[in-house]
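Structure first, commentary second.
Just so you know, all these numbers are worked out from the coordinates, no wet-lab data involved. Everything numeric here is computed off the predicted structure, so don't read it as measured data. All Cβ positions, even for glycine, are placed from backbone atoms using ideal geometry, and neighbour counts span all protein chains on display.
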Amino acid sequence: MKRLLILSLALLLGLSACNMPTEPSTSIAPELQTAAAQTVQAVLTPLNSPTAVPSATQGGQQPVASPTGATLTSAATITSTPTITPTYSVPMITFNESTNCRMGPGQNYEVIFTFLPGGKAEIVGSYPQDGYWIVQLPDGGGTCWAWGGYATTTGSTWVLTPSTPPATRTPAPPEAPGISSWVYDCGAGTVNIQWSDRSDGEEGFRVVRDNKVVAQLPPNTTSYTDNIAGVGTATVTYYVEVFLGNMSARSKSFSFSCQ
């Protein structure tokens, strides 16, 4: 660069010397001034050549210089995140113990069906506050509310919308069961009691011996065999009680002894 500048100045001086008049003069011809200025400007001005700006390469591709000197880089590849759709399966419930299915969630609602152990039903709604499920009745005649404490659920229960319970109504008190027969076997030490179920929607029955509950049975039960081997010759008294919530009704009592 210095060498070109010196040569340019020397050329300027040479041109000035060639065109100097015979008499001394301090002026330089305008065309010579213009030529010299253009020469110096050409030397000082860098070549306007495309310059590639180093940049990170992607996938082994080199950046490409544009005619104006701007660097073009390859566009980043945009990868969309796949959407995972969960597999749906029908929500089902399997009852592990006898479970009353009611008009609503709680003992204040009437029992309309009782599922036996192993019974299954399709779940159509939920009431998570008290752990109840709304299930289809086996005969397809509607739905009822069953507590899930003694049951197992499967399927897509997460799609179920929480339901609002229906208004409660005061259930009718249960009607006392009627004792049909009792047969005791002193040799075997057993007594078999038969009774009639006169109530609708009861929660269950209790067999009471000498004012102590010896068995609590599911609804619709009508018989029970008690072991009295340890009673000896003492007189024992029995009655059967039906219950619904905090209401109950008892049968007439009967007594016997193995003397």
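How long are the semi-axes of the ellipsoid equivalent to segment 92-159, from square roots of 5 times the Cα gyration tensor eigenvalues, in whole Å, largest first? List each step's numbers first, then the result.
Working: eigenvalues 46, 37, 29 Å².
Its equivalent ellipsoid spans semi-axes of 15, 14, 12 Å.
Over the Cα atoms of segment 178-256, what is the Rg over Rh ratio if Rh follows Kirkwood? It would help to have the intermediate numbers written out before the result.
Details: Rg = 12.5 Å, Rh = 12.9 Å.
Value, to two decimals: 0.97.
Taking the Cβ of Gly106 as the centre, find all other residues whose Cβ is under 15 Å away and add up their charges (Lys, Arg: +1; Asp, Glu: -1). Could the numbers behind the result be given before it?
Numbers: positive: Arg102, Arg169; negative: Glu110, Asp130, Glu203.
So the environment of Gly106 carries a net charge of -1.
Applying a 10 Å radius around every beta-carbon, put 101-111, 133-143 in order of their mean neighbour count, most first. Show your work: numbers first, answer last.
Details: 101-111: 19.8, 133-143: 15.6.
Order by mean packing, descending: 101-111, 133-143.
Rank the residues Phe205, Phe256 as a footprinting-exposure proxy: fewest other Cβ atoms within 10 Å of their Cβ go first. Intermediate values should be presented prior to the final figure.
Working: Phe205 26, Phe256 14.
Least to most surrounded, the residues fall as Phe256, Phe205.
On average, how much area does the Cα convex hull of segment 142-205 cover when viewed from any direction, in nm²?
Directional mean of the projected Cα hull area for segment 142-205 stands at 8.5 nm².
Provide the packing ranking of 177-187, 232-242, i.e. peptides ordered by the mean count of other C-beta atoms within 10 Å per residue, highest first. Provide the component values of the computation, followed by the final result.
Working: 177-187: 13.8, 232-242: 17.0.
The densest-packed peptide leads the list: 232-242, 177-187.
Ordered by residue, what ³J(HN,Hα) values in Hz, to whole numbers, does segment 152-169 give under the Karplus form 6.51 cos²θ - 1.76 cosθ + 1.60, where θ = phi - 60° and Gly and Pro are x?
Each residue's phi maps through the Karplus curve to give 10, 10, 9, x, 8, 5, 5, 8, 6, 8, x, 9, 9, x, x, 5, 7, 9 Hz.
From the C-alpha coordinates alone, can you work out the Kirkwood hydrodynamic radius of segment 86-209, in Å? It would help to have the intermediate numbers written out before the result.
Values: mean 1/r = 0.0604 Å⁻¹.
About 16.6 Å for segment 86-209.
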